[in-house]
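Below you'll find the structure, written out as structure tokens, and then a few comments.
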Amino acid sequence: MLRDDGPLVALAGATDLYVSLNFGTLSATRFLDLWALEPLRRIEMRGDVLSLGALATYTSLTRSRLVKQRLPMLVDAARQVGGVQIQNRGTIGGNIANGSPAGDTLPVFAAAEAIVVIRSAGAERRAAFTEFYSGYRTSVLRPEELIVAVEIPAITGRQPASASLFANNFHQLQCSASTPLAVTPFAASGLFSLSITRCVNSGPGSFRRKAERSSSSENCISNSSQLAGHLLA
């Protein structure tokens, strides 16, 4: 339908679309409702890769044993998204497609080196999350394509339990606890050893026009053995 009957705007939980509608900034008039596509809700392992269906809601992320084991900071991010109603309706595919730099899950996907799975009527392709956005709320997604999943590759590297700590962290800075939107969501993942910090990826939100990795932050953390010691203290 996106190819033959477009232009259509894909709609799932509609939590972002209704915001635009209320503000009078929604120009689209034709939509394609994806909510009934159950296969796109799956959260599963495919080999060593954690696959998250695009219609996986924030609530499903917080309840998933796989997500808790493989990417606990995504659970933390999902818990901080709006209220319960938003968590029940909002989807990771919608969060990515909306493209707001303040999107809570986006720094997590940047830090985790996620892959966005994109499908059209005739083909499927993958884009590195860090290359998915071309600018402010613009991406490489074509009008005839849908985001169908997000893939989280296995974290590589030696992780001896007695000498290191594998850390996945998500923090959200707000003006106050009642502020509905994140001012600065920040995610970091890495392997911290007793003497040196290794394999640190970070993803700050809101500071920039699009969600992306922060090489300066990563270099700062990676070069700080003092931070590793503090985390293990």
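Mind ranking 145-151, 12-18 by how tightly packed they are, going by the mean number of other C-beta atoms within 10 angstrom, highest first?
Working: 145-151: 22.1, 12-18: 19.9.
So the peptides 145-151, 12-18, ranked by packing, come out 145-151, 12-18.
If packing is taken as the average number of other Cβ atoms within 10 Å across a peptide's residues, how do 88-98, 20-30 rank, most packed first? Please report the intermediate quantities before stating the final value.
Details: 88-98: 23.0, 20-30: 9.9.
With the highest mean Cβ count within 10 Å placed first, the list reads 88-98, 20-30.
I'd like the Kirkwood hydrodynamic radius of region 37-97, using the inverse of the mean 1/r over distinct C-alpha pairs, in Å. Let's see the in-between values first.
Working: mean 1/r = 0.0868 Å⁻¹.
Evaluated on region 37-97, it is 11.5 Å.
Please find the FRET efficiency linking Ala123 to Asn88, where r is the Cβ-Cβ separation and R0 is fixed at 41 Å, and quote it to the nearest 0.05. Intermediate values should be presented prior to the final figure.
Numbers: r = 33 Å, r/R0 = 0.79.
Here the calculated transfer efficiency is 0.80.
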Hey, can you rank 128-140, 31-43 by average C-beta count inside 10 Å, highest first? 128-140, 31-43
Percent of all Cα-Cα pairs per 5 Å bin for region 37-152, counting from 0 up to the last occupied bin, reads 2, 12, 24, 28, 20, 11, 3, 0
First select every other residue whose beta carbon is under 13 angstrom from the beta carbon of Gly82; then total the charges, Lys and Arg +1, Asp and Glu -1. 0
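Any read-out appearing in this document is the output of simple, stated calculations on the displayed coordinates, not a laboratory observation. Small disclaimer: the values here were computed from a predicted structure and weren't measured. When we count neighbours, we look across all protein chains shown, and the Cβ atoms used for this are built from the backbone with ideal geometry, even at glycine.
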